[in-house]
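The values are calculated or read from the model by the stated rules, or taken from the named source; none is laboratory data. This one's a predicted model, so the numbers in the text were calculated from it and none came from an experiment. Don't worry about glycine lacking a Cβ; one is built from the backbone with ideal geometry, like all the others, and counts go over all protein chains shown.
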Amino acid sequence: MSVAANESELERARLAAEERRLVAAAVKGSSEAFERLYRLHAGKVYGLCLRMTGNREAAEDCTQEAFVQAWRSLPRFEARSSFGTWMHRIAVNAVLARGRRRTERVGAAESIEDGLMLTLADGEIGDTGDGLDVEAAIASLPPGARQVLVLAGVYGYSHEETASMLGLAVGTCKAQLHRARQLLGQRLGTEEASR
Amino acid sequence: MNGAGHGERPDGRIDAALASLPRELPPARDLWPDIESRLEPRRRRGAWAWQAAAAIALVAVSSLVTASLVRRADAPVARTSTQASQAAVMPTTFGPSYSLNAEYDMARRQLATDLEQRLAGMPPSARQKLEANLAEMHRAAAEINVALARQPGHPLLEELLLNTYQDELGVLASVNQLTGTAPAATARQENVKL
């Protein structure tokens, strides 16, 4: 084991210990500890929500809802997975629930184009050339394909995990990912579009 | 997570582009005040529920610890610990009325003894960093233990504490492994998984 790997493990263990201490305190009712957990994880949760919804306002709503739900569910949190992974699952549920509510209310999914324009207008997602193109291309995908691509392609969840989070069959998840990659390739003008 | 998306076409530009995106995107405004205003105070569970949970957790933890020690049966015999190693390793307790098995503690003390020897040969900055990180783990264990004393047998707190002990063992073992051959690697493999 290299020194770098050892230091990395040490840092991971320290952060994990700090996180467990905060979770334990939050379970007891400490909102200060929960705020610290929010500060540690807000960027990851918000990033996931923003990419899944393609809309800043929706991402803020979903992030807030996810942390409120997490506070309520914390006594039932099982520490076998990390707090961050658990938060991601709750955030995905918040995004899906919001999508269902909007569909019921207006009869159509949120306008991706509007979301994309909001996001790009703010320059919130990426501002470094290729990254901006990729983020814009992801935001322009249809909701189903986008959600699968974000979870599997960006955040590295397996097909099984992605399917479980989104309530899909694994085969559907794979098909959506294939479609998403094709569409993304077309939008980015890469050679993968024709594969 | 295993990167299903990244694994399908490892040489594709799309994979590279997706993998290069930052995982964290901080929100443009602080969302905490709105979140905090929606948090309800925690309600305490009834005493009967805690007693039932405590009984279940105690059986589960006892089984786990026993299983780990059975697996550890052929591991090297622990040496007598030094005063310094006592300071390097935290006492392993579960709330006010339950302690981890003495053999398990002995194995941990052996790792701590080895650690003291390794620390003596480490540069001061590395030693300081290691001790600071171990101190954070000890702090976490101590505070979770305090919580356990108030809520005996709480399954989540038990699990958080076990995970903290596992991480401490992992760090002790990896330090020993890095700085020389020691039985720590064996101990880690057999003990960390309680």
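Go through region A:28-37 and give me each residue that's within 8 Å of chain B (Cβ to nearest Cβ) and surrounded by fewer than 22 Cβ atoms within 10 Å (Cβ to Cβ). It would help to see each step written out before you state the result.
Our first condition is that a residue be within 8 Å of chain B (Cβ to nearest Cβ); within region A:28-37, this holds for A:28-29, A:31, A:34-35.
A:28, A:29, A:31, A:35 - these are the residues of region A:28-37 that are within 8 Å of chain B (Cβ to nearest Cβ) and surrounded by fewer than 22 Cβ atoms within 10 Å (Cβ to Cβ).
Condition test on residue B:168, is it of a type in the set (Asp, Glu), more than 20 Å from residue B:105 (Cβ to Cβ) and more than 7 Å from chain A (Cβ to nearest Cβ)?
Values: of a type in the set (Asp, Glu): yes; more than 20 Å from residue B:105 (Cβ to Cβ): no; more than 7 Å from chain A (Cβ to nearest Cβ): yes.
The answer is no for residue B:168.
Every residue, every condition in (1) within 8 Å of another protein chain (Cβ to nearest Cβ); (2) over 22 Å from residue A:141 (Cβ atoms), yes or no:
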residue: A:50; (1), (2): yes, no
residue: A:53; (1), (2): no, no
residue: A:57; (1), (2): no, no
residue: A:64; (1), (2): yes, yes
residue: A:81; (1), (2): no, yes
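Tell me, please, whether a residue that is acidic (Asp, Glu) and either at positive phi or more than 21 Å from the chain's Cα centre (by Cα) (or both) can be found in region A:10-24.
Of region A:10-24, the ones acidic (Asp, Glu) are A:11, A:18-19.
Narrowing further to those that are either at positive phi or more than 21 Å from the chain's Cα centre (by Cα) (or both): A:11, A:18.
Checked against the condition, which is being acidic (Asp, Glu) and either at positive phi or more than 21 Å from the chain's Cα centre (by Cα) (or both), region A:10-24 yields at least one hit.
Which of the residues belonging to region B:109-160 are touching a Phe, Trp or Tyr at 6+ places or on another chain (Cβ under 8 Å) and assigned to a helix (DSSP H, G or I)? Walk me through it before giving the result.
Initial filter on region B:109-160 (touching a Phe, Trp or Tyr at 6+ places or on another chain (Cβ under 8 Å)): B:141, B:145, B:148, B:151-154, B:156, B:158.
Residues satisfying the conditions are B:141, B:145, B:148, B:156, B:158.
Confirm whether residue A:43 is within 11 Å of chain B (Cβ to nearest Cβ), modelled with pLDDT of 95 or more and within 23 Å of residue B:24 (Cβ to Cβ).
Details: within 11 Å of chain B (Cβ to nearest Cβ): yes; modelled with pLDDT of 95 or more: yes; within 23 Å of residue B:24 (Cβ to Cβ): yes.
Against the criterion (within 11 Å of chain B (Cβ to nearest Cβ), modelled with pLDDT of 95 or more and within 23 Å of residue B:24 (Cβ to Cβ)), residue A:43 qualifies.
Looking at region A:7-16, is at least one residue part of a helix (DSSP H, G or I) and in contact (Cβ under 8 Å) with a residue 12 or more places away in the chain? Spell out the reasoning first.
Applying the first criterion (part of a helix (DSSP H, G or I)) to region A:7-16 yields A:7-16.
Those left that are additionally in contact (Cβ under 8 Å) with a residue 12 or more places away in the chain: A:16.
The answer is yes; a qualifying residue exists.
For the structure I just gave you, tell me whether residue A:60 is out of contact with any helix residue (DSSP H, G or I) (no Cβ under 6 Å at 6 or more places or on another chain), closer than 15 Å to residue A:22 by Cα, in the same structural domain as residue A:37 (by TED's automatic domain parsing) and charged (D, E, K, R).
Values: out of contact with any helix residue (DSSP H, G or I) (no Cβ under 6 Å at 6 or more places or on another chain): yes; closer than 15 Å to residue A:22 by Cα: no; in the same structural domain as residue A:37 (by TED's automatic domain parsing): yes; charged (D, E, K, R): yes.
Against the criterion (out of contact with any helix residue (DSSP H, G or I) (no Cβ under 6 Å at 6 or more places or on another chain), closer than 15 Å to residue A:22 by Cα, in the same structural domain as residue A:37 (by TED's automatic domain parsing) and charged (D, E, K, R)), residue A:60 does not qualify.
When residue A:81 is evaluated against the numbered criteria (1) modelled with pLDDT of 85 or more; (2) within 30 Å of residue B:160 (Cα to Cα); (3) of a type outside the set (D, E, K, R), which criterion, by number, is the only one it fails?
(1)
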